[in-house]
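Visitor: Quick one: the structure is below, questions incoming.
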Amino acid sequence: MINVAIMGFGTIGSGVYEVIKHNNEAIKAEIWDDIRVKKILDLKDFKGQEVESLIVHDFNEILNDKEIDIVVETMGGVSLAYEFVKAVLKSGKHAVTSNKALVAARGTELIQVAKENNVNFMFEASVGGGIPVIRTLAKAYAGEKIREITGILNGTTNYILTKMDEDGETFEQALTQAQKLGYAERNPEADVEGFDACRKIAILASLATGKEVDFEEIYTEGISKIEKIDFAYAKLFHGSLKLFGSMKVEKSRLYAYVCPMMITDRHLLYMVRGVYNGIMIEGNMLGKSMLYGSGAGKLPTASAVVADIIASARHKNKNVPMGWGSEKAKVEDIKESTHQYFVRFSGNDTALIEKCKKDFGEVKVLQLEGEDEFAILTGTMKEDDFKQIVEKIPETIKFIRAIL
Ligand code: HSE
(Lines give C-alpha, C1' and ligand atoms only; values in the text may rest on other atoms or scores of the structure.)
Protein backbone atom coordinates (compact mmCIF):
# COMPACT_ATOMS: atom_id res chain seq x y z
CA MET A 1 0.00 0.00 0.00
CA ILE A 2 1.27 3.47 -0.95
CA ASN A 3 0.04 6.03 1.58
CA VAL A 4 -0.22 9.64 0.52
CA ALA A 5 -0.78 12.78 2.60
CA ILE A 6 -2.00 16.06 1.14
CA MET A 7 -1.04 19.35 2.77
CA GLY A 8 -3.52 22.05 1.73
CA PHE A 9 -7.00 20.99 0.59
CA GLY A 10 -7.79 23.92 -1.72
CA THR A 11 -8.39 23.75 -5.47
CA ILE A 12 -5.32 21.67 -6.38
CA GLY A 13 -5.21 19.58 -3.18
CA SER A 14 -8.85 18.52 -3.56
CA GLY A 15 -8.14 17.89 -7.25
CA VAL A 16 -5.35 15.47 -6.28
CA TYR A 17 -7.77 13.62 -4.00
CA GLU A 18 -10.30 13.47 -6.84
CA VAL A 19 -7.79 12.17 -9.41
CA ILE A 20 -6.54 9.44 -7.01
CA LYS A 21 -10.12 8.38 -6.34
CA HIS A 22 -11.36 8.61 -9.92
CA ASN A 23 -8.35 6.96 -11.59
CA ASN A 24 -7.54 4.57 -8.72
CA GLU A 25 -7.52 1.39 -10.83
CA ALA A 26 -5.35 2.98 -13.53
CA ILE A 27 -2.87 4.26 -10.92
CA LYS A 28 -2.73 0.86 -9.19
CA ALA A 29 -1.91 -0.76 -12.53
CA GLU A 30 0.99 1.68 -12.97
CA ILE A 31 2.60 1.01 -9.58
CA TRP A 32 1.47 -2.58 -8.96
CA ASP A 33 0.31 -1.57 -5.53
CA ASP A 34 -2.69 -0.04 -3.77
CA ILE A 35 -2.75 3.71 -3.24
CA ARG A 36 -4.78 5.82 -0.84
CA VAL A 37 -4.89 9.27 0.68
CA LYS A 38 -4.31 8.61 4.38
CA LYS A 39 -4.23 12.14 5.84
CA ILE A 40 -5.06 15.67 4.77
CA LEU A 41 -3.61 18.72 6.52
CA ASP A 42 -5.83 21.79 6.45
CA LEU A 43 -7.05 24.55 8.74
CA LYS A 44 -10.69 23.72 7.94
CA ASP A 45 -12.62 20.68 9.28
CA PHE A 46 -14.64 19.85 6.13
CA LYS A 47 -17.50 18.76 8.42
CA GLY A 48 -19.94 16.30 6.87
CA GLN A 49 -17.74 15.85 3.82
CA GLU A 50 -16.21 12.59 2.60
CA VAL A 51 -12.71 13.67 3.66
CA GLU A 52 -13.66 14.73 7.22
CA SER A 53 -12.12 11.65 8.87
CA LEU A 54 -8.79 12.23 7.04
CA ILE A 55 -8.35 15.83 8.17
CA VAL A 56 -5.56 16.68 10.61
CA HIS A 57 -4.57 20.15 11.82
CA ASP A 58 -1.11 19.29 13.10
CA PHE A 59 1.70 18.79 10.55
CA ASN A 60 3.48 16.41 12.96
CA GLU A 61 0.70 13.88 12.52
CA ILE A 62 1.88 13.51 8.93
CA LEU A 63 5.58 13.88 9.60
CA ASN A 64 5.61 11.21 12.34
CA ASP A 65 3.32 8.76 10.54
CA LYS A 66 5.68 5.97 9.46
CA GLU A 67 3.09 4.59 7.02
CA ILE A 68 3.02 7.74 4.90
CA ASP A 69 5.40 7.42 1.94
CA ILE A 70 4.61 10.49 -0.17
CA VAL A 71 3.53 13.97 0.93
CA VAL A 72 1.88 16.40 -1.48
CA GLU A 73 2.31 20.14 -0.83
CA THR A 74 -0.52 22.19 -2.33
CA MET A 75 -0.67 24.91 0.33
CA GLY A 76 1.04 27.68 -1.64
CA GLY A 77 3.27 30.39 -0.20
CA VAL A 78 6.96 29.91 0.46
CA SER A 79 7.96 30.03 4.16
CA LEU A 80 5.72 27.39 5.70
CA ALA A 81 5.69 25.23 2.58
CA TYR A 82 9.51 25.27 2.61
CA GLU A 83 9.70 24.35 6.28
CA PHE A 84 7.22 21.46 5.88
CA VAL A 85 8.67 20.08 2.63
CA LYS A 86 12.21 20.16 4.01
CA ALA A 87 11.10 18.29 7.16
CA VAL A 88 9.21 15.76 5.01
CA LEU A 89 12.31 15.05 2.88
CA LYS A 90 14.57 14.81 5.95
CA SER A 91 12.19 12.28 7.48
CA GLY A 92 12.73 10.02 4.46
CA LYS A 93 9.40 10.67 2.71
CA HIS A 94 9.02 11.83 -0.89
CA ALA A 95 7.59 15.31 -1.48
CA VAL A 96 5.54 16.43 -4.48
CA THR A 97 4.52 20.05 -5.00
CA SER A 98 2.57 22.23 -7.43
CA ASN A 99 3.99 25.37 -5.84
CA LYS A 100 6.09 27.33 -8.38
CA ALA A 101 6.96 30.04 -5.85
CA LEU A 102 8.49 27.39 -3.58
CA VAL A 103 10.39 25.67 -6.41
CA ALA A 104 11.72 28.95 -7.84
CA ALA A 105 12.82 30.23 -4.42
CA ARG A 106 14.05 27.03 -2.75
CA GLY A 107 14.22 24.36 -5.48
CA THR A 108 18.02 24.07 -5.51
CA GLU A 109 18.19 23.40 -1.77
CA LEU A 110 15.20 21.02 -1.67
CA ILE A 111 16.59 18.97 -4.58
CA GLN A 112 19.83 18.65 -2.60
CA VAL A 113 18.02 17.70 0.64
CA ALA A 114 16.10 15.03 -1.30
CA LYS A 115 19.35 13.65 -2.69
CA GLU A 116 20.98 13.52 0.76
CA ASN A 117 18.00 11.60 2.14
CA ASN A 118 17.62 9.25 -0.84
CA VAL A 119 14.09 10.43 -1.61
CA ASN A 120 12.58 12.59 -4.37
CA PHE A 121 11.39 16.18 -4.59
CA MET A 122 9.10 16.42 -7.62
CA PHE A 123 7.38 19.47 -9.08
CA GLU A 124 5.86 18.67 -12.48
CA ALA A 125 2.71 20.67 -11.68
CA SER A 126 4.67 23.86 -10.93
CA VAL A 127 5.05 24.77 -14.62
CA GLY A 128 2.57 24.28 -17.43
CA GLY A 129 -0.15 22.59 -15.32
CA GLY A 130 -0.99 19.36 -17.13
CA ILE A 131 1.79 19.74 -19.74
CA PRO A 132 4.69 17.39 -18.87
CA VAL A 133 7.42 19.96 -19.47
CA ILE A 134 9.51 19.25 -16.35
CA ARG A 135 9.65 15.53 -17.14
CA THR A 136 10.39 16.30 -20.78
CA LEU A 137 13.41 18.45 -19.87
CA ALA A 138 14.68 16.23 -17.03
CA LYS A 139 14.17 12.90 -18.78
CA ALA A 140 13.31 12.97 -22.48
CA TYR A 141 15.82 15.72 -23.28
CA ALA A 142 18.36 14.75 -20.60
CA GLY A 143 21.05 14.27 -23.26
CA GLU A 144 20.38 17.56 -25.03
CA LYS A 145 22.12 20.90 -24.72
CA ILE A 146 19.12 23.18 -24.53
CA ARG A 147 19.59 26.32 -26.62
CA GLU A 148 16.22 27.93 -26.11
CA ILE A 149 12.93 27.61 -24.26
CA THR A 150 10.24 30.10 -25.17
CA GLY A 151 6.79 29.68 -23.78
CA ILE A 152 3.36 31.08 -23.19
CA LEU A 153 3.50 30.05 -19.56
CA ASN A 154 0.56 31.92 -18.08
CA GLY A 155 -3.01 31.03 -19.05
CA THR A 156 -4.65 34.10 -17.54
CA THR A 157 -2.62 36.61 -19.54
CA ASN A 158 -2.95 34.55 -22.70
CA TYR A 159 -6.72 34.59 -22.24
CA ILE A 160 -6.68 38.40 -21.80
CA LEU A 161 -4.47 38.97 -24.85
CA THR A 162 -6.62 36.60 -26.94
CA LYS A 163 -9.79 38.52 -25.98
CA MET A 164 -8.11 41.83 -26.86
CA ASP A 165 -6.96 40.44 -30.20
CA GLU A 166 -10.04 38.53 -31.31
CA ASP A 167 -12.90 40.46 -29.69
CA GLY A 168 -11.37 43.95 -29.67
CA GLU A 169 -11.68 44.26 -25.89
CA THR A 170 -9.64 46.65 -23.79
CA PHE A 171 -7.21 45.26 -21.24
CA GLU A 172 -9.63 46.16 -18.42
CA GLN A 173 -12.62 44.50 -20.13
CA ALA A 174 -10.67 41.30 -20.81
CA LEU A 175 -9.29 41.23 -17.25
CA THR A 176 -12.79 41.61 -15.76
CA GLN A 177 -13.99 38.72 -17.92
CA ALA A 178 -10.98 36.60 -16.85
CA GLN A 179 -11.85 37.31 -13.21
CA LYS A 180 -15.52 36.39 -13.78
CA LEU A 181 -14.46 33.06 -15.28
CA GLY A 182 -12.15 32.38 -12.32
CA TYR A 183 -8.92 32.50 -14.35
CA ALA A 184 -7.62 35.72 -12.84
CA GLU A 185 -7.42 36.35 -9.09
CA ARG A 186 -9.14 39.34 -7.50
CA ASN A 187 -5.62 40.75 -7.16
CA PRO A 188 -4.32 39.85 -10.63
CA GLU A 189 -0.84 41.31 -10.22
CA ALA A 190 1.10 38.02 -10.14
CA ASP A 191 -0.33 37.03 -13.52
CA VAL A 192 -0.65 40.35 -15.38
CA GLU A 193 2.70 41.76 -14.27
CA GLY A 194 4.50 38.58 -15.34
CA PHE A 195 5.67 37.41 -11.89
CA ASP A 196 4.05 33.98 -12.32
CA ALA A 197 5.66 33.46 -15.75
CA CYS A 198 9.00 34.69 -14.33
CA ARG A 199 9.08 31.95 -11.71
CA LYS A 200 8.11 29.36 -14.32
CA ILE A 201 10.84 30.31 -16.80
CA ALA A 202 13.36 30.39 -13.91
CA ILE A 203 12.42 26.77 -13.09
CA LEU A 204 12.67 25.69 -16.74
CA ALA A 205 15.98 27.55 -17.18
CA SER A 206 17.40 25.82 -14.08
CA LEU A 207 16.49 22.42 -15.53
CA ALA A 208 17.80 23.38 -18.96
CA THR A 209 21.15 24.73 -17.75
CA GLY A 210 21.62 22.39 -14.78
CA LYS A 211 22.35 25.46 -12.66
CA GLU A 212 20.35 27.59 -10.27
CA VAL A 213 18.72 30.42 -12.21
CA ASP A 214 17.59 33.13 -9.79
CA PHE A 215 14.14 34.42 -10.77
CA GLU A 216 15.07 37.80 -9.32
CA GLU A 217 17.70 38.21 -12.05
CA ILE A 218 15.16 37.74 -14.84
CA TYR A 219 13.86 40.91 -16.53
CA THR A 220 10.08 40.86 -16.09
CA GLU A 221 7.47 43.01 -17.78
CA GLY A 222 3.74 42.24 -17.80
CA ILE A 223 0.85 43.04 -20.12
CA SER A 224 -0.95 45.83 -18.23
CA LYS A 225 0.32 48.49 -20.65
CA ILE A 226 -0.83 46.66 -23.80
CA GLU A 227 -3.56 48.58 -25.64
CA LYS A 228 -6.13 47.75 -28.32
CA ILE A 229 -4.25 49.89 -30.82
CA ASP A 230 -1.13 47.69 -30.45
CA PHE A 231 -3.22 44.82 -31.85
CA ALA A 232 -4.49 47.07 -34.67
CA TYR A 233 -0.87 47.66 -35.74
CA ALA A 234 -0.08 43.92 -35.37
CA LYS A 235 -2.99 43.07 -37.68
CA LEU A 236 -1.34 45.09 -40.47
CA PHE A 237 1.18 42.23 -40.80
CA HIS A 238 -1.06 39.33 -39.60
CA GLY A 239 0.58 39.51 -36.19
CA SER A 240 -0.46 39.41 -32.57
CA LEU A 241 0.90 39.98 -29.07
CA LYS A 242 1.77 37.27 -26.58
CA LEU A 243 3.42 37.23 -23.17
CA PHE A 244 6.61 35.21 -23.60
CA GLY A 245 8.84 33.70 -20.95
CA SER A 246 12.11 32.91 -22.63
CA MET A 247 15.61 31.60 -21.96
CA LYS A 248 18.39 31.33 -24.51
CA VAL A 249 21.96 30.11 -24.34
CA GLU A 250 24.18 31.85 -26.89
CA LYS A 251 27.98 31.53 -26.87
CA SER A 252 27.78 30.15 -23.30
CA ARG A 253 25.86 33.21 -22.13
CA LEU A 254 22.41 32.87 -20.57
CA TYR A 255 19.65 35.31 -21.49
CA ALA A 256 16.25 35.14 -19.82
CA TYR A 257 13.26 37.45 -19.77
CA VAL A 258 9.49 37.72 -19.49
CA CYS A 259 7.83 40.37 -21.65
CA PRO A 260 5.08 40.99 -24.20
CA MET A 261 6.23 40.06 -27.69
CA MET A 262 4.83 41.14 -31.04
CA ILE A 263 4.91 38.13 -33.36
CA THR A 264 3.68 37.17 -36.81
CA ASP A 265 1.33 34.29 -37.63
CA ARG A 266 4.40 32.30 -38.72
CA HIS A 267 5.62 31.95 -35.13
CA LEU A 268 5.13 28.46 -33.61
CA LEU A 269 3.35 29.95 -30.56
CA TYR A 270 0.95 32.15 -32.56
CA MET A 271 -1.82 29.53 -32.50
CA VAL A 272 -1.75 29.13 -28.68
CA ARG A 273 -5.00 30.89 -27.81
CA GLY A 274 -7.17 31.42 -24.74
CA VAL A 275 -6.10 29.93 -21.41
CA TYR A 276 -3.82 27.37 -23.07
CA ASN A 277 -0.05 27.25 -22.65
CA GLY A 278 2.53 26.42 -25.31
CA ILE A 279 6.23 25.80 -24.81
CA MET A 280 8.80 25.67 -27.59
CA ILE A 281 12.08 23.90 -26.76
CA GLU A 282 15.17 23.91 -28.95
CA GLY A 283 18.05 21.51 -28.32
CA ASN A 284 21.37 21.18 -30.12
CA MET A 285 20.57 17.66 -31.41
CA LEU A 286 16.80 17.75 -31.17
CA GLY A 287 16.12 20.91 -33.14
CA LYS A 288 12.74 22.33 -32.22
CA SER A 289 9.82 20.71 -30.43
CA MET A 290 6.66 22.12 -28.97
CA LEU A 291 4.41 21.19 -26.05
CA TYR A 292 0.85 22.44 -25.86
CA GLY A 293 -2.02 22.00 -23.42
CA SER A 294 -3.91 23.03 -20.31
CA GLY A 295 -1.47 25.12 -18.32
CA ALA A 296 -3.70 25.71 -15.32
CA GLY A 297 -6.89 24.50 -13.66
CA LYS A 298 -7.78 22.04 -10.93
CA LEU A 299 -7.71 18.67 -12.69
CA PRO A 300 -4.92 19.23 -15.26
CA THR A 301 -2.65 20.46 -12.44
CA ALA A 302 -3.76 17.66 -10.09
CA SER A 303 -3.08 15.16 -12.88
CA ALA A 304 0.55 16.35 -12.99
CA VAL A 305 0.82 16.01 -9.19
CA VAL A 306 -0.49 12.44 -9.43
CA ALA A 307 2.05 11.64 -12.17
CA ASP A 308 4.76 12.69 -9.68
CA ILE A 309 3.18 10.53 -6.96
CA ILE A 310 3.36 7.57 -9.36
CA ALA A 311 6.99 8.40 -10.26
CA SER A 312 7.88 8.59 -6.54
CA ALA A 313 6.12 5.28 -5.87
CA ARG A 314 8.09 3.68 -8.70
CA HIS A 315 11.35 4.97 -7.21
CA LYS A 316 10.43 4.38 -3.60
CA ASN A 317 13.98 3.63 -2.49
CA LYS A 318 15.93 5.70 -4.96
CA ASN A 319 16.69 9.36 -5.57
CA VAL A 320 16.27 10.21 -9.25
CA PRO A 321 18.53 13.08 -10.44
CA MET A 322 16.72 16.08 -11.92
CA GLY A 323 19.70 17.64 -13.72
CA TRP A 324 19.45 20.81 -11.59
CA GLY A 325 22.69 21.42 -9.68
CA SER A 326 23.70 23.92 -7.00
CA GLU A 327 26.01 26.13 -9.07
CA LYS A 328 24.53 29.60 -9.67
CA ALA A 329 23.96 30.69 -13.27
CA LYS A 330 24.69 34.25 -14.38
CA VAL A 331 21.79 35.81 -16.26
CA GLU A 332 22.87 38.54 -18.68
CA ASP A 333 21.34 41.98 -18.29
CA ILE A 334 18.47 42.60 -20.75
CA LYS A 335 20.58 45.47 -22.18
CA GLU A 336 22.94 42.81 -23.60
CA SER A 337 20.17 40.95 -25.46
CA THR A 338 19.18 41.54 -29.08
CA HIS A 339 15.64 41.94 -30.40
CA GLN A 340 13.56 43.52 -33.08
CA TYR A 341 11.32 46.31 -31.83
CA PHE A 342 7.88 47.75 -32.53
CA VAL A 343 7.89 51.45 -31.60
CA ARG A 344 5.01 53.94 -31.63
CA PHE A 345 5.51 57.69 -32.07
CA SER A 346 2.99 60.50 -31.72
CA GLY A 347 2.18 62.62 -34.80
CA ASN A 348 2.67 61.83 -38.47
CA ASP A 349 5.63 64.07 -39.12
CA THR A 350 7.40 63.04 -42.32
CA ALA A 351 10.66 64.46 -40.99
CA LEU A 352 10.44 62.17 -37.93
CA ILE A 353 9.69 59.15 -40.12
CA GLU A 354 12.80 59.97 -42.16
CA LYS A 355 14.82 60.43 -38.94
CA CYS A 356 13.67 56.98 -37.72
CA LYS A 357 14.82 55.42 -40.99
CA LYS A 358 18.20 57.08 -40.55
CA ASP A 359 18.66 56.35 -36.82
CA PHE A 360 17.34 52.78 -36.63
CA GLY A 361 18.59 51.59 -40.02
CA GLU A 362 16.24 49.50 -42.12
CA VAL A 363 12.73 49.99 -40.66
CA LYS A 364 9.20 49.17 -41.77
CA VAL A 365 6.73 52.03 -41.22
CA LEU A 366 3.18 51.21 -40.05
CA GLN A 367 0.32 53.71 -40.25
CA LEU A 368 -3.31 53.35 -39.17
CA GLU A 369 -5.98 55.38 -40.90
CA GLY A 370 -7.27 58.30 -38.82
CA GLU A 371 -4.65 57.99 -36.07
CA ASP A 372 -2.36 60.87 -35.17
CA GLU A 373 0.58 58.54 -34.67
CA PHE A 374 2.70 56.00 -36.54
CA ALA A 375 4.86 52.98 -35.68
CA ILE A 376 8.00 51.34 -36.94
CA LEU A 377 9.39 47.81 -36.89
CA THR A 378 13.15 47.74 -36.54
CA GLY A 379 15.71 45.17 -37.57
CA THR A 380 17.56 43.16 -34.91
CA MET A 381 19.45 45.45 -32.53
CA LYS A 382 21.24 45.18 -29.21
CA GLU A 383 18.82 46.49 -26.57
CA ASP A 384 21.37 48.92 -25.19
CA ASP A 385 21.91 50.49 -28.65
CA PHE A 386 18.17 50.60 -29.34
CA LYS A 387 17.43 52.36 -26.04
CA GLN A 388 20.12 54.96 -26.56
CA ILE A 389 18.36 56.00 -29.77
CA VAL A 390 14.74 55.69 -28.68
CA GLU A 391 15.20 57.54 -25.41
CA LYS A 392 16.39 60.62 -27.33
CA ILE A 393 13.17 60.85 -29.37
CA PRO A 394 10.56 62.84 -27.39
CA GLU A 395 7.68 61.67 -29.63
CA THR A 396 8.15 58.03 -28.51
CA ILE A 397 4.93 56.62 -27.03
CA LYS A 398 6.15 53.10 -26.24
CA PHE A 399 8.04 50.11 -27.57
CA ILE A 400 7.39 46.37 -27.55
CA ARG A 401 9.96 43.72 -28.41
CA ALA A 402 9.17 41.80 -31.59
CA ILE A 403 9.91 38.58 -33.46
CA LEU A 404 9.02 39.15 -37.13
N1 HSE B 1 -2.33 31.80 -12.66
C2 HSE B 1 -1.67 30.78 -13.42
C3 HSE B 1 -2.02 30.93 -14.90
C4 HSE B 1 -2.07 29.44 -12.90
O5 HSE B 1 -2.93 31.70 -15.22
O6 HSE B 1 -1.39 30.33 -15.75
C7 HSE B 1 -1.12 28.32 -13.23
O8 HSE B 1 0.14 28.48 -12.69
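The values are calculated or read from the model by the stated rules, or taken from the named source; none is laboratory data. Just so you know, these numbers come straight off a predicted model, no measurement behind them. Every residue, glycine among them, receives a Cβ derived from its backbone with ideal geometry; neighbour counts consider all protein chains shown. Please note that ligands, DNA and RNA were not included when accessible areas were found on the heavy atoms of the full protein model with its side chains. Shrake-Rupley method; radii C 1.70, N 1.55, O 1.52, S 1.80 Å.
Visitor: LYS235: which lysines have alpha carbons under 23 Å from its alpha carbon, excluding same-chain residues fewer than 8 sequence positions away?
Guide: LYS163, LYS225, LYS357, LYS364, LYS398
Visitor: Tilt of helix 350-360 relative to the longest C-alpha principal axis of the chain, in degrees (0 to 90, nearest 10)?
Guide: Helix 350-360 sits roughly 50 degrees off the main axis of the chain.
Visitor: How big, in percent, is the set of alpha carbon pairs in the range 231-322 lying more than 23 Å apart?
Guide: Values: 1997 of 4186 pairs.
Summing the P(r) of the range 231-322 above 23 Å gives 48 percent of all pairs.
Visitor: So, one more: Compute the Kirkwood hydrodynamic radius of the range 1-121, taking the inverse of the mean of 1/r over all pairs of distinct Cα atoms, and give it in Å to one decimal.
Guide: 14.6 Å
Visitor: Relative to the longest principal axis of the C-alpha atoms of the chain, give the angle of the C-alpha long axis of helix 100-116, reported between 0 and 90° and rounded to the nearest 10°.
Guide: The angle comes out near 50 degrees.
Visitor: Over 10 Å intervals from 0, what percent of Cα-Cα pairs in the range 294-365 sits in each interval?
Guide: Spelled out per bin, shortest first, that is 13, 20, 17, 16, 16, 13, 5, 0.
Visitor: Same structure, new question: For the range 83-115 and the range 138-159, write down the distance between their C-alpha centroids in whole Å.
Guide: A separation of 22 Å, based on Cα centres.
Visitor: OK, next. Which of the three applies to the range 270-404, rounded, prolate or oblate, going by the alpha-carbon gyration tensor with a ≥ b ≥ c and a/c under 1.5 meaning rounded? Numbers along the way, then the final one.
Guide: Details: a/c = 3.53, a/b = 2.25, b/c = 1.57.
Prolate, since a/c reaches 1.5 and a/b exceeds b/c.
Visitor: What does the helix-only formula give at 222 nm for the chain: each DSSP H stretch with n ≥ 4 adding -39500 (n - 2.57), the total divided by the residues, and the result rounded to the nearest 500 deg cm²/dmol? Intermediate results must be reported in sequence, preceding the final value.
Guide: Working: 13 runs with 139 residues, N = 404.
Estimated from H runs of four or more residues: -10500 deg cm²/dmol.
Visitor: Taking the Cα-to-Cβ direction at LEU236 and at GLU67 and moving 7 Å from each Cα, how far apart do the two end points lie in nm?
Guide: 6.9 nm
Visitor: Give the value in nm², to one decimal: projected area of the alpha carbon convex hull of the chain, averaged over all directions.
Guide: Working: hull surface 82.6 nm².
That works out to 20.7 nm².
Visitor: Also: I need the GluC sites (Glu not before Pro) found in the range 1-61, filtered to DSSP loop residues with at most 14 other beta carbons within 10 Å of theirs. Before the final figure, lay out each step's value.
Guide: Numbers: sites: GLU18, GLU25, GLU30, GLU50, GLU52, GLU61; in loops: GLU50.
Hits after loop and neighbour filter: GLU50.
Visitor: For LEU286, what charge total do you get from the other residues with a beta carbon under 14 Å from its beta carbon, if Lys and Arg give +1 and Asp and Glu give -1? Mind showing how you got there, number by number?
Guide: Values: positive: LYS139, LYS145, ARG147, LYS288; negative: GLU144, GLU148, GLU282.
Once all neighbours under 14 Å are counted, the net charge is +1.
Visitor: Sticking with this one: Report ILE397's accessible area, 1.4 Å probe, all protein chains in place, as a number in Å² to the nearest 10.
Guide: Number for this one is 80 Å².
Visitor: Residue by residue through the range 282-298, what is 3J(HN,Hα) from phi via Karplus (6.51 cos²θ - 1.76 cosθ + 1.60, θ = phi - 60°)? Round to whole Hz and write x for glycine and proline.
Guide: 10, x, 5, 9, 5, x, 9, 9, 9, 10, 9, x, 6, x, 8, x, 3
Visitor: In what order, largest first, do HIS57, HIS267, HIS94, HIS22 sit by accessible area if the probe radius is 1.4 Å?
Guide: On the way: HIS57 105, HIS267 35, HIS94 5, HIS22 160 Å².
Putting HIS57, HIS267, HIS94, HIS22 in descending order of accessible area: HIS22, HIS57, HIS267, HIS94.
Visitor: Relative contact order, percent, of the range 34-123 when contacts are C-alpha pairs under 8 Å separated by at least 6 residues? All intermediate terms of the calculation are to be shown ahead of the outcome.
Guide: Working: 112 pairs, mean separation 20.7, N = 90.
With pairs under 8 Å counted, the relative contact order is 23 percent.
Visitor: Collect residues whose amide H, placed 1.01 Å from N in the peptide plane, falls under 5 Å from the amide H of ALA402; neighbours closer than 5 in sequence don't count.
Guide: MET262, GLN340, TYR341, PHE342
Visitor: Also, I was wondering about something else. Only sites in a loop by DSSP and with at most 11 other Cβ atoms within 10 Å count here; which chymotrypsin sites (Phe, Trp or Tyr not before Pro) in the range 1-108 make the cut?
Guide: Details: sites: PHE9, TYR17, TRP32, PHE46, PHE59, TYR82, PHE84; in loops: PHE9, TRP32, PHE46, PHE59.
Here the sparse-neighbourhood loop sites are TRP32.
Visitor: Taking amide H positions as placed 1.01 Å from N in the peptide plane, with prolines and chain starts having none, which residues 5 or more places from ILE40, or on another chain, fall under 5 Å of its amide H?
Guide: ILE6, ILE55, VAL56
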